[in-house]
Amino acid sequence: VQLQAFGGGSVQAGGSLRLSCVASENIFSMGWYRQVLGKERELVARITRSGDTLYADSMKGRFTISRDNAKNTVYLQLNSLKPEDTGAYYCNVGVGLSLPGNYWGQGTLVTVSS
């Protein structure tokens, strides 16, 4: 499975970004992880083909995951961004909702300035 992520960039605190990830196949579960400075890679959110979602508790409220099954694309809307959200965001697909799958995108960088 090939994954291609788009949408990273630089914004000021309080701003928004929308990340997209296109998969070469329609996969049951698609999601986003991130790695911010000084931390290990962590879950942001996952979504199944039927729309069931899983969010990391700390990401709820500001971030929203969605997908377009017809386009094999998963989106991550990032709102009210904070400087501590700065990092690399990775797309991931697999067969389960609760665990990451085997396929990772190349990562897209989000930079939030204060």
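The values are calculated or read from the model by the stated rules, or taken from the named source; none is laboratory data. This structure is a prediction, so every number in the text was calculated from the model and none was measured. Don't worry about glycine lacking a Cβ; one is built from the backbone with ideal geometry, like all the others, and counts go over all protein chains shown. These accessible areas exclude ligands, DNA and RNA; they are computed on the full protein's heavy atoms, side chains included. Shrake-Rupley method; radii C 1.70, N 1.55, O 1.52, S 1.80 Å.
Tabulated data
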read-out	value
Conditions (1) in contact with a strand residue (DSSP E or B) (Cβ under 8 Å, 6 or more places away or on another chain); (2) in contact (Cβ under 8 Å) with a residue 40 or more places away in the chain; (3) open to solvent by 50 Å² or more (accessible area, probe 1.4 Å): number failed by G107	(3)
Tally of residues being farther than 15 Å from K71 by Cα, of a type outside the set (V, I, T) and more than 16 Å from the chain's Cα centre (by Cα) across the range 11-42	7
G101 vs. criteria closer than 14 Å to Q2 by Cα, open to solvent by less than 80 Å² (accessible area, probe 1.4 Å), at pLDDT below 95 and in contact with a Ser or Thr (Cβ under 7 Å, 6 or more places away or on another chain)	yes
Test result for K71, in contact with a strand residue (DSSP E or B) (Cβ under 9 Å, 6 or more places away or on another chain), among the basic types (K, R) and under 21 Å from S10 (Cβ atoms)	no
Residue ID - farthest from the chain's Cα centre (by Cα), chosen from residues in the range 64-79 that are farther than 15 Å from N92 by Cβ and without any contact (Cβ under 8 Å) to a residue 60 or more places away in the chain	A70
